[in-house]
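The values are calculated or read from the model by the stated rules, or taken from the named source; none is laboratory data. All values derive from a computational prediction rather than experimental measurement. In this analysis, Cβ positions are derived from the backbone assuming ideal geometry, glycine residues included, and neighbour counts consider all displayed protein chains. All accessible areas refer to the heavy atoms of the entire protein, side chains included, with ligands and DNA or RNA removed. Shrake-Rupley method; radii C 1.70, N 1.55, O 1.52, S 1.80 Å.
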Amino acid sequence: MHIYKNKPEEEFLNTFQYWFETKDENKIKQKAGSISVQEDLSSLINMSAENRAAGLNFTPIILINGYQFPDKYDREDIYYFIDELIKDEEIINKKRNF
């Protein structure tokens with residue numbers, strides 16, 4: 001959060017990518033530098049709890065009209081489904097509940 005709020009966007013994105021590659025929390029803390037104020041993480045904690053309650057346990061996920069794109073397909077596979085999704089009356093007419 002400190003990097004996101006206090007550093008340039010490019011530095012945040014690079015650090016975010018680095019985290020997914022290494023999962024090394026100590027190196028991320030080094031990149032953030034000294035932090036004099038403890039960040040309020042309550043909004044992130046609440047969002048995580050809401051996602052878990054909704055069955056969303058990884059990111060990024062793809063939602064199409066409130067339906068989760070199946071895990072068994074790669075993100076690039078969505079192109080094979082576009083034509084069918086456009087024609088699907090249930091998906092087109094579904095009212096969002098969120």
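Which distance in nm do the two modelled labels at residue 44 and residue 23 give, with both placed 7 Å along the Cα-to-Cβ direction?
1.7 nm
Take peptides 9-21, 73-85 and line them up by average Cβ neighbours within 10 Å, highest first, as a rough protection proxy.
On the way: 9-21: 12.0, 73-85: 10.3.
Output ranking for 9-21, 73-85: 9-21, 73-85.
Quote the relative contact order of the chain in percent (integer), defining contacts as alpha-carbon pairs under 8 Å separated by 6+ residues. Could the numbers behind the result be given before it?
On the way: 31 pairs, mean separation 18.7, N = 98.
Reported relative contact order: 19 percent.
Between residue 90 and residue 5, what length comes free when the chain is fully extended (0.36 nm per residue of separation minus the Cα-Cα distance, one decimal in nm)? Mind showing how you got there, number by number?
Values: separation 85, 0.36 × 85 = 30.60 nm, distance 4.06 nm.
Length difference between fully extended and current span is 26.5 nm.
For the chain, what does the helix formula give at 222 nm: sum of -39500 (n - 2.57) over DSSP H segments with n ≥ 4, over the residue count, nearest 500 deg cm²/dmol? Please list the in-between numbers first.
Numbers: 6 runs with 54 residues, N = 98.
Dividing the helical sum by the residues of the chain leaves -15500 deg cm²/dmol.
Per residue, how large is the accessible surface of the chain? Use a 1.4 angstrom probe and give square angstrom.
On the way: 8560 Å² over 98 residues.
I get 87 Å² per residue for the chain.
If you take semi-axes √(5λ) of the Cα gyration tensor in Å from the coordinates, which of (i) 35, 20, 16; (ii) 20, 15, 13; (iii) 35, 17, 12 do you get?
After the calculation, the listed value that fits is (iii).
Quick one: with all protein chains in place, what share of the accessible area of the chain is carbon or sulfur, to the nearest percent (1.4 Å probe)? Mind showing how you got there, number by number?
On the way: 4470 of 8560 Å².
C and S fraction of accessible area: 52 percent.
Return the loop-located trypsin sites (Lys or Arg not before Pro) in the stretch 1-67 (DSSP other than H, G, I, E, B) with at most 10 other Cβ atoms within 10 Å of their own Cβ; answer none if there are none.
On the way: sites: 5, 23, 27, 29, 31, 52; in loops: 23.
The qualifying sites are 23.
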